[in-house]
Every structure is written in C-alpha cells, then in structure tokens.
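So the structure is just underneath, and the comments pick up after that.
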Amino acid sequence: MSENLLQIKNISVTFKTRHGVLKAIDDLSLNVKKGEILGLVGESGAGKSMTGAAVLGLIDPPGRLSSGQIWYKGQRIDQAPETIRGHEISMIFQDPLVSLNPLRRIGDQLVETILTHMPITKAEAVDRARKGLEEVGIDPERINAYPHTFSGGMRQRVVIALALAPEPALIIADEPTTALDVSVQAQILDLLKQLCRERGTSIILVTHDMGVIAETTDRVGVLYAGRLAEIGETRDVLTNPKHPYTKGLVASTPRIDASSFDKTLYQISGSMPKLDAMPNGCAFHPRCEFALDKCRIDRPSIIADRAACWLLDGEETLL
Amino acid sequence: MSFVVAKGLTRNYDLSEPLIVRALTMRPKRILTAVDNVNFSIEKGTTYALVGESGSGKSTIAKMAVGLLKPSAGTLIMDGKNLNDPALARNEQLALRRRIQMVFQSPYASLNPRWRVGDIIAEPIKAFGLIDGTKAQFMRVSELLEQVGLASSDANKYPHEFSGGQRQRISIARALSSQPEVIVCDEPTSALDVSVQAQVLNLLKALQKEYALTYLFITHDLAVVSTMANKIGVLNKGKLVEEQSPTGLFSRPQQDYTKMLLNSAPSINFG
C-alpha cells in the first residue's frame with residue numbers, strides 16, 4: 001500500500017479568458033498509492049473533476065496544464081498522456097447514459113475497447129467481454145443488448161466493465177453514483193471496493209458527497225478553490241478535521257439521526273470565491289472564523305502533511 | 001381536521017399504444033399507476049416529508065398538490081376545501097392556488113434567464129392582483145429579497161449573476177411573494193453543495209417559524225429529512241408503505257423497504 005502509483009507534483013491548470021488568466025487548479029500535489037481508494041471531495045468549482053481530467057490529459061482548450069508534473073509508475077506522463085490513457089488509467093464518468101453509445105450493442109463497445117488496448121484476437125476479446133460483464137454482475141448472455149434496455153444502475157455496471165476491460169492499474173471515477181438512487185449507489189460502491197481489493201487497482205473517487213467518501217475511501221483530499229485544503233486518512237479527516245473548511249463541511253452535512261430534528265445545521269457563510277476574484281493569502285480566509293492576519297497575506301502550503309492552514313503552524317492554539 | 005389532507009390520492013398514466021394498433025393486435029390497455037391510493041395529512045405549521053427513490057411517485061404528488069397535474073382519483077384538501085373541486089369558480093380556484101406555492105428542484109431551470117429577479121419575484125404578486133402600483137410592488141419585492149438573505153439591489157440583476165444557492169433563495173422569495181400557507185418543496189437542495197444546502201435548509205426552517213408555514217417536503221435524501229420533517233412518509237412504487245415520526249423511523253423502521261433505504265444511505269458517522 002505504501003508504493004506511490006501516481007504522483008501529482010505542483011500542477012496548475014490555467015484558462016486564458018477575457019478577464020485574464022484564471023487558475024482552476026493552483027499548485028496542487030497529490031500521491032495515489034497502489035491499491036488504495038483516494039477520495040477527492042469539494043464543492044462545485046473546487047477543481048476535483050479538473051484534477052482527474054489533468055491526469056488523463058483531457059483538459060479542453062483554452063484550459064491547459066501550465067505547470068507541474070505528473071508521474072505514473074516512475075514515468076513522467078503529463079507530456080504524453082495518450083500513452084497511458086484508457087489502458088493504464090481509465091475513467092468512469094457520472095452519467096452512464098452519456099458515456100455509452102446508444103446505437104451500439106454493449107458487447108461491441110466492450111470488444112472495441114479491449115481490442116484498442118490489448119494485442120489479442122477478436123474471439124479472445126469477446127471472451128474477455130463476457131467475463132467482464134460477469135464480474136460486474138451482469139448476465140453475459142446480455143452481451144448483445146443495447147444500453148437502453150438496462151436500468152441506470154445496470155448501465156453504470158456496463159461502464160465499469162468498460163473501464164476495467166483493459167485491466168488498468170488506476171481508475172478515475174468522476175461522481176460515478178451521483179445520477180443513481182441510494183440503493184443502487186450502495187451496490188455500485190460495493191462493487192468498486194470489491195474490485196479494487198481483488199485486483200489491487202487504485203481508484204481516485206471524485207465526489208461531492210461526504211457520505212460516499214466516508215464509506216468508500218481509504219484517504220481523502222479536500223479541495224477548495226482549486227487548492228488542496230486538507231488530506232489524510234479518511235477517518236482522521238472526517239472525525240478530526242484540521243482545516244476550518246473541512247470542519248465546516250463535515251458539520252454542515254446532515255446526518256441520519258433522530259436527534260437532529262429542529263436543530264439548526266451548521267452553515268459556512270458566503271460561498272467559494274470566483275476564479276477571477278480570488279482573495280490574497282488563504283482562499284478560505286474571507287469565510288473563516290479563525291482567520292489570522294497572516295492568512296490574509298500569505299498562502300499556506302500543506303503543513304504537517306495534513307492541512308493548508310496557518311493555524312497548524314507551530315502551536316496548536318485553536319485546533 | 002388537519003390543514004392539508006390527501007385522501008385516496010391516485011394518478012394513472014395511460015401508456016397504451018394507439019387505439020387502432022390495440023384493435024389490430026388485440027392488446028389490452030396499459031396503465032401505469034404512478035401514485036396509488038395515497039393517504040396522508042399535515043398539521044398546520046409542520047413539515048411532512050415524502051421520501052422515495054426515482055419512480056416512487058413523489059414528484060407526481062408534488063405536482064398534484066400545486067395543481068400542475070389532476071389526480072385520477074382521490075382528493076387533496078387544504079383548510080377544508082377540495083383543491084380540485086370542479087364546482088369551484090375560477091376566482092375561487094385562484095384564491096386557493098395563491099395559498100399553496102412550490103419551490104422546484106433545479107434553481108437553474110426554474111428561473112427565466114431573460115427576466116430580472118425583481119420581475120420574477122413580482123410575478124405572483126401581479127398574477128394574483130395582491131398589490132397595486134409599481135412602487136408598492138417594488139417595495140414588497142425588496143422586502144422579500146431581504147427576507148431570504150439577498151440585497152434589495154439584487155432585484156435588477158438576472159438569474160445568471162447568482163450562484164445556485166442564491167438562485168434557490170430567489171425561488172423561495174418567489175414562492176413567498178403570494179403569502180402562501182403551504183409550500184411544496186420538491187428536492188429543493190439536491191442541486192446544491194453541502195455548505196449551501198445547510199444555508200437553504202436553515203432559511204426554510206426560519207421562515208417556517210416566522211410565518212407558520214406548512215411544508216410538503218419531497219426528497220430522496222434521508223439525512224436532509226431527519227433535520228426537517230415532523231413526519232415522514234416512505235413511498236415505494238406509488239404506494240405509501242410507511243409513515244412515522246423521524247425518531248420512530250430511524251430507530252424502529254417497520255418495512256423492509258425502509259430498512260433497505262436506511263442501510264444504503266451513505267453516512268459520515270463512523271460506526
């Protein structure tokens with residue numbers, strides 16, 4: 001578990017616009033260990049999907065990876081992501097209805113994916129496709145069915161089978177269960193966990209749902225305004241958050257609890273800054289109730305391998 | 001009698017093929033019962049939550065409550081009056097409709113992008129003829145904007161200038177503008193981020209206290225329900241399978257379906 005499969009080193013993603021150059025991701029560093037599920041959580045616009053896209057080289061112009069490096073298995077990949085895309089690292093998107101071609105049978109889509117990435121014959125590929133379906137809990141006899149004949153959850157299983165088909169070492173799952181009902185979501189998350197354990201595949205799970213993070217991931221990175229606010233073991237981060245933003249996020253998440261009725265939920269006032277109006281210093285300081293003078297001027301980097309917050313610097317007065 | 005009562009509420013959708021095709025192929029009619037004989041009642045000033053998965057009929061009930069759909073059978077009664085009474089004159093219908101408003105799921109789709117926020121909020125005031133005179137209407141709009149935590153100067157802006165949470169506040173101001181007694185909230189926070197969701201839920205609660213509003217709260221999220229509802233009804237395939245207080249439902253769920261929902265909801269509590 002300790003070996004780093006993927007290393008993201010100080011990457012920035014910038015967009016050139018009329019309003020100047022905007023930083024969607026600002027100096028972000030992350031490691032993904034072999035066989036682990038790393039969660040990336042944050043609110044809309046925090047840069048969680050962008051991070052996944054950056055790894056696969058899927059950032060559309062005018063956006064571009066303007067600085068930093070991405071290393072995969074000791075090889076630098078940010079210059080030539082197509083060498084690993086789909087084969088070594090594959091992606092699961094949010095909406096299974098959009099990521100499957102409605103005009104083609106699921107078997108054909110699977111076989112095409114397998115043949116693109118593996119030097120095997122068509123018959124072998126069909127065989128693999130059937131096995132792949134069986135693995136995600138779909139009857140292999142349905143290999144010739146069209147996507148519309150499946151329910152939402154079954155379609156997402158097909159998409160997972162597609163992502164797994166080339167036997168990648170890393171899967172980036174971008175909100176894989178957001179479009180699904182809770183009961184189906186639980187099945188899909190269990191399936192991902194199980195496959196990850198059996199094959200030693202690593203997963204980057206991008207989601208906005210703290211519950212999904214708590215139940216699925218080993219480690220979690222909390223993103224805010226394109227920057228990493230906090231990272232650590234999931235249980236530590238959620239039960240003992242160090243960054244005031246993480247604290248707020250955890251406290252404002254409603255819990256299934258009979259005693260929570262009629263209590264006012266904790267709320268973080270304000271909203272995330274727009275990219276063209278980023279505050280100086282720490283991006284969270286205008287909303288932070290513990291903000292120090294320093295926070296308004298200097299941007300904190302990750303301190304004590306845990307959180308980008310000046311409060312962790314030196315003495316632990318408030319935390 | 002409770003303030004809002006649903007009695008035997010049913011809604012069917014006819015999915016049959018055209019008559020001529022059915023006659024030729026001898027196939028029977030196909031009727032989908034989206035809402036099947038649902039009964040519930042809501043006390044004044046309280047929140048009743050309907051939870052269920054997609055296809056359970058929760059949004060169909062919301063639409064029937066605000067008159068966007070007519071029930072196939074059964075009645076919805078508010079303050080002793082049948083909302084779908086065909087004998088009601090048009091102005092009586094309108095008077096009833098004023099008292100029950102809706103907040104929709106997506107604040108991106110439910111606000112007209114070409115209208116200024118002030119016009120959006122003033123529309124119910126004009127439609128129901130509540131306040132005469134542009135100036136008085138403008139004053140009322142400013143007051144509503146401030147009530148939901150926005151600035152009165154926001155009336156001149158367009159919806160795209162606001163974030164999702166702020167847009168949902170605009171939706172709430174619009175729902176409040178006709179001074180309703182009942183607000184139907186159809187997944188009001190499922191398009192929002194958690195920290196913003198907390199702001200909107202707190203606002204809804206504060207408004208309920210201030211105006212003794214009655215909420216019919218439609219959601220798939222049991223955690224949201226636990227902070228909002230006085231009573232929870234669980235819908236499965238159009239049928240109300242269980243109804244309990246939050247305390248009862250979370251500690252002693254009766255139906256297997258409810259237990260399954262509770263077990264599969266992702267929780268951030270580490271057990």
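Return yes when residue B:155 is in contact (Cβ under 8 Å) with a residue 24 or more places away in the chain, aliphatic (A, V, I, L, M) and farther than 20 Å from residue B:100 by Cα and no when it is not. Yes, satisfied.
Looking only at residues of the range B:227-256 that are hydroxyl-bearing (Ser, Thr, Tyr) and closer than 14 Å to residue B:50 by Cα, we find that the one that is least open to solvent (accessible area, probe 1.4 Å) is B:227. Looking across B:74, B:67, B:57, one residue alone is at pLDDT below 90 and buried (at least 16 other Cβ atoms within 10 Å of the Cβ). It is B:57.
Return the residue satisfying two criteria in turn: it lies in the range B:92-107 and is in contact with a helix residue (DSSP H, G or I) (Cβ under 7 Å, 6 or more places away or on another chain) and in a loop (DSSP other than H, G, I, E, B), and of such residues it is farthest from residue B:213 (Cα to Cα). Among residues in the range B:92-107 that are in contact with a helix residue (DSSP H, G or I) (Cβ under 7 Å, 6 or more places away or on another chain) and in a loop (DSSP other than H, G, I, E, B), the one farthest from residue B:213 (Cα to Cα) is B:107. When residue B:194 is evaluated against the numbered criteria (1) open to solvent by 20 Å² or more (accessible area, probe 1.4 Å); (2) assigned by TED's automatic domain parsing to the domain that holds residue B:40; (3) of a type in the set (A, V, I, L, M, F, W, C), which criterion, by number, is the only one it fails? (2) is the only condition that residue B:194 fails.
Among the residues of the range A:113-143, those identified as within 18 Å of residue A:157 (Cβ to Cβ) and not hydrophobic (A, V, I, L, M, F, W, C) are A:113, A:128, A:130, A:131, A:132, A:134, A:135, A:137, A:139, A:140, A:141, A:142. Listed conditions (1) of a type outside the set (Val, Ile, Thr); (2) in contact with a strand residue (DSSP E or B) (Cβ under 7 Å, 6 or more places away or on another chain); (3) at the interface with chain B (Cβ under 10 Å from one of its Cβ atoms) are all met by residue A:232, apart from (3). In the range B:191-205, the residues that are farther than 13 Å from residue A:255 by Cα reach residues that are aromatic (Phe, Trp, Tyr) with C-beta atoms within less than 8 angstrom, at least six apart or across chains, in these pairs: B:191/B:108; B:204/B:215. The set of residues in the range B:154-179 being hydrophobic (A, V, I, L, M, F, W, C) and under 21 Å from the mean Cα position of the chain (by Cα) consists of B:170, B:172, B:173, B:175, B:176. Checking B:196, B:200 one by one, the residue that is in a helix (DSSP H, G or I) and in contact with a Pro (Cβ under 8 Å, 6 or more places away or on another chain) is B:200 and no other. When residue A:227 is tested against (1) touching a residue at least 60 places away in the same chain (Cβ under 8 Å); (2) touching a helix residue (DSSP H, G or I) at 6+ places or on another chain (Cβ under 8 Å), exactly one condition is not met: (2). Of all residues in the range A:234-241, none are farther than 19 Å from residue A:92 by Cα, part of a strand (DSSP E or B) and open to solvent by 10 Å² or more (accessible area, probe 1.4 Å).
The values are calculated or read from the model by the stated rules, or taken from the named source; none is laboratory data. Since the model is a prediction, treat every value here as computed from it, not as a measurement. Counting neighbours? That spans all protein chains shown, and the Cβs are built from the backbone with ideal geometry, glycine included. Remember, those area values only see protein heavy atoms, side chains included, never the ligands or the DNA or RNA. Shrake-Rupley method; radii C 1.70, N 1.55, O 1.52, S 1.80 Å.
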